[in-house]
Amino acid sequence: MYFIIKMAVGLVAGFAITLILLKFLPGENILMGHDRGRKFAQGSEVNIGKPTGVGFYFTLVFLILSAILCFFINPVTSGKGFFESGNVVTGLGLGLFCIFAEMVTGWLDDRSKKPWDEYIKGALDVVISLIAAFFCLHFFGTRVYIAITGAYIDIHPVLFYILCVILFIVSINATNATDGIDGLSGTLSILAVFTTFLMGFMAESLFDRNSIILTIVFIATLLAYLMFNFNPSKMLMGDAGSRSLGLFIAFFLVYCRVPFLYFIVGLPFLCDGGISILKITVGRLTKKKIILFKNIITPLHDELRKNRKFSVKRVWLVLVLAAGMIDFLYVFVSTLLRVSGTV
C-alpha cells in the first residue's frame, strides 16, 4: 500500500509540477534561450523565437522527484557499502547525476548567443558517457537479460564498458537529432522507456522497485511537456531536454539489464536521427568522397516533410505508430514465448 502511494505521488507531482513550471516559465529571461532556427532543417523557421531549453525544467523535476522517492522516502537499499561494487542504489544515484550533467551542458548551449562548436559538445558527451559507463560497470555488474530468448548472459567487463560508452553516445545524439518535429522526441522517449520497463520487469532476478518509480515520474513529466509541444508547439525542449533524454533512455536500459533492447526501442531514433549522424560522420571522415543516402534528406522527418509533403502532424503520426508497432510486437512475442514455455 505504501509503495502504491509513492507511485501516485510520483505520477501526480511529476505532472503537476512540470505543468506549472512550463505554464509560467519562471526565470525565463535568465534561464531560457530562444530558438535561432536551423539552417538545414525543413520548416524550422516557424520555431524561431520560441523559448528553447525547457528541458531544463522537466529534467530537473524528473531528477529531483525521482531522487526523493527512490532515496529519501522508504528507500530500497542493497545492504552494501556506499561505493561497494554491486550497490545498485548508489549506481542509480550517480547515474542520475550524469544525466543532470548532460542536461546542464545542453542547457548552456541552448541559452548561449552563439551555438557551441559540435566538437565541444561531442567531447562533453564522450566524457559524461565514459563516467556513466564506469558507474554502470562497477555498480550494476555485467549480467544482462535477453527477453526474446529468456537468457541471462555475462559480458566481459572490458567489452561491457565499451558497449555502454557506445550506447550512451549513440542514444544522446540520435535522440537529439530526432528533436525536429513537434512532439516527436518526447513521445518516442515515452514509448522507449515504457517498453524498457516492461522488458526489465521480465528479468525478475535483476529488477527492483525503483524502476517503477523512474518510469512513472519520467512519463508524467514528459506528458506535461508534450501539452506545450504538440503541433503547433509553444516551446522546445532544446539540447537540455533531448540530450538528457537520450542519456536516460540508454542508462535506463542498462539499469534494467536489457541494454541490447536499444535495437528495438532505439530503432525509431536510429532510423530518424541516427542516419543523419552516420551520413555527416562518414562525409566528414572521407572529406565528402563518400556520401551516404544521397537521395534522402536527413533526418528522416525532414525527408517526409520536404520530399513526401507530409504535414508535421502526419510525420509525427507515422513515426510514432511505427515505433509503437515495433515495441508492441517485441513485447508480445517475448511474452508469448515466455508464457508458452518456449524460453
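The values are calculated or read from the model by the stated rules, or taken from the named source; none is laboratory data. Computed from a prediction, not measured in an experiment: that's the story for all the values here. Cβ coordinates were reconstructed from backbone atoms using ideal geometry, including for glycine residues, and neighbour counts include every protein chain displayed.
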Within the range 272-317, of all residues that are among the polar types (S, T, N, Q) and at pLDDT below 80, the one surrounded by the most Cβ atoms within 10 Å (Cβ to Cβ) is 281
Expected single match for at pLDDT below 95 and crowded, with 24+ Cβ neighbours inside 10 Å among 179, 208 is 179
Here the residues within the range 306-321 that are farther than 15 Å from residue 183 by Cα and assigned to a helix (DSSP H, G or I) are 306
Filtering the range 142-165 for residues that are modelled with pLDDT of 95 or more and either at positive phi or of a type in the set (Phe, Trp, Tyr) (or both) leaves a count of 2
Among the residues of the range 235-243, is any more than 14 Å from the chain's Cα centre (by Cα), buried (at least 23 other Cβ atoms within 10 Å of the Cβ), touching a residue at least 40 places away in the same chain (Cβ under 8 Å) and closer than 19 Å to residue 269 by Cα? yes
Given (1) surrounded by fewer than 21 Cβ atoms within 10 Å (Cβ to Cβ); (2) in contact (Cβ under 8 Å) with a residue 40 or more places away in the chain; (3) more than 18 Å from residue 305 (Cβ to Cβ), residue 263 misses just (2)
Filtering the range 51-75 for residues that are surrounded by fewer than 24 Cβ atoms within 10 Å (Cβ to Cβ) and on the phi > 0 side of the Ramachandran plot leaves a count of 1
Taking the range 95-116 and keeping only residues that are touching a residue at least 12 places away in the same chain (Cβ under 8 Å), in a helix (DSSP H, G or I) and more than 17 Å from the chain's Cα centre (by Cα), one is left with 109, 110, 111
Taking the range 99-141 and keeping only residues that are modelled with pLDDT of 95 or more, in contact with a helix residue (DSSP H, G or I) (Cβ under 6 Å, 6 or more places away or on another chain), over 30 Å from residue 153 (Cα atoms) and hydrophobic (A, V, I, L, M, F, W, C), one is left with 100, 101, 103, 107, 124
Output for Cβ contacts, cut-off 9 Å, separation at least six or different chains, first residue modelled with pLDDT under 75 in the range 34-55, second part of a loop (DSSP other than H, G, I, E, B) and of a type in the set (Val, Ile, Thr), reads 36/48; 37/48; 40/297; 42/297; 43/181
Condition set more than 21 Å from the chain's Cα centre (by Cα) and either in a loop (DSSP other than H, G, I, E, B) or of a type in the set (S, T, N, Q) (or both), scope the range 117-158, selection farthest from residue 89 (Cα to Cα): answer is 117
In the set 150, 186, the lone residue that is small (Gly, Ala, Ser) and touching a Lys or Arg at 6+ places or on another chain (Cβ under 7 Å) is 150
Scanning the range 266-303 residue by residue, those without any contact (Cβ under 8 Å) to a residue 60 or more places away in the chain, part of a helix (DSSP H, G or I) and among the β-branched types (Val, Ile, Thr) turn out to be 275, 280, 281, 282
